[in-house]
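The values are calculated or read from the model by the stated rules, or taken from the named source; none is laboratory data. As the structure is a prediction and not an experimental result, all values here were calculated from the model. We place every Cβ from the backbone using ideal geometry, glycine too, and count neighbours over all the protein chains shown.
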Amino acid sequence: MNPSRTATAGGIWFRLLLFLAILFAGLALAWMILLPPALTRFVQGRTGFPMEIQSLYVNPFTGRLALRGMAIKNPPTFPNPAFAEVREVSVDWRVSSLFSQRLVIDDIVVDVAGITLVKDPLGAINAWLFQERLAGAPATRPPARSPAGAPVEAKSRPQEFLIKRLQLRCDRLVIADYSGRQPVVRELALNYNHTYENVTSAQQLAAPLGNLLAPVAGAIGGLAPEAGAALRAAGDKFKESGRKAGEAVKGFFESLEKSLKK
């Protein structure tokens, strides 16, 4: 074999590999640069709540998500612009588990600097409004029917999951009520920092939240009495274990969903 031809072929392959490496690096850089603006435009366009993100990285092939410096503001109709300030959200999941019966997540970190719940002079609550607009109108379709013509209730099997490590942090909660003659603003220093291990159900999140829910329930009750009552009831049961804690989780979210629909 001619050595000069071998050297030439080797040079071509090297340049091709170098070109591909630069191309993929450029695509990855473009992905990281363009993804945050695309997400913020989508959220703001759908909800009307301005959002800023310092950095966002998502790699579905390696199972990695990293978000830094997210701030969500209220629309101009709210007297107080503050809503949510998140320092970090990171998730590491096993890609292969996406195609199995149980989703496996190795690590989740949610670090929240502060949440501000605001009720405007007309009685609208920012968190409720944001959730409602982000979810959008639910799709409607005719219910399935049995051969006899009676509706058939669809039953879906809940997704099994395993979170090996879950760290939740939240520094403060601010309640601001502008629906009365005088605005009422209350700040709660939550300083909540807890790490869960091997989470497979919501019941495992219950016990550490028991002592936290009592002051939060009193504050939220001024904005949404039904949600506040549900929180107080859940807080009492969260201090217990087993079935009662699971019922408290379910009951709270059912009551919260009802209040969101009003």
note = Counting only residues that are surrounded by fewer than 16 Cβ atoms within 10 Å (Cβ to Cβ), modelled with pLDDT of 75 or more, farther than 30 Å from Asp177 by Cα and not polar (S, T, N, Q), region 98-151 contains a total of 6
Among (1) assigned to a helix (DSSP H, G or I); (2) over 30 Å from Pro183 (Cα atoms) - the single one Gln44 does not satisfy = (2)
message = Going by what's in this entry, would Phe61 be described as surrounded by fewer than 16 Cβ atoms within 10 Å (Cβ to Cβ) and not in a helix (DSSP H, G or I)?
response = yes
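Matching residues to (1) more than 24 Å from Thr200 (Cβ to Cβ); (2) in a strand (DSSP E or B); (3) free of Cβ contacts under 8 Å to residues at least 40 places away in the same chain; (4) not assigned by TED's automatic domain parsing to the domain that holds Gly180:
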| site | (1), (2), (3), (4) |
| --- | --- |
| Leu65 | no, yes, yes, no |
| Met70 | yes, yes, yes, no |
| Pro76 | yes, no, yes, no |
| Val86 | yes, yes, yes, no |
| Val89 | no, yes, yes, no |
| Asp92 | no, yes, yes, no |
| Ser96 | no, no, yes, no |
| Asp106 | no, yes, no, no |
| Thr116 | yes, yes, no, no |
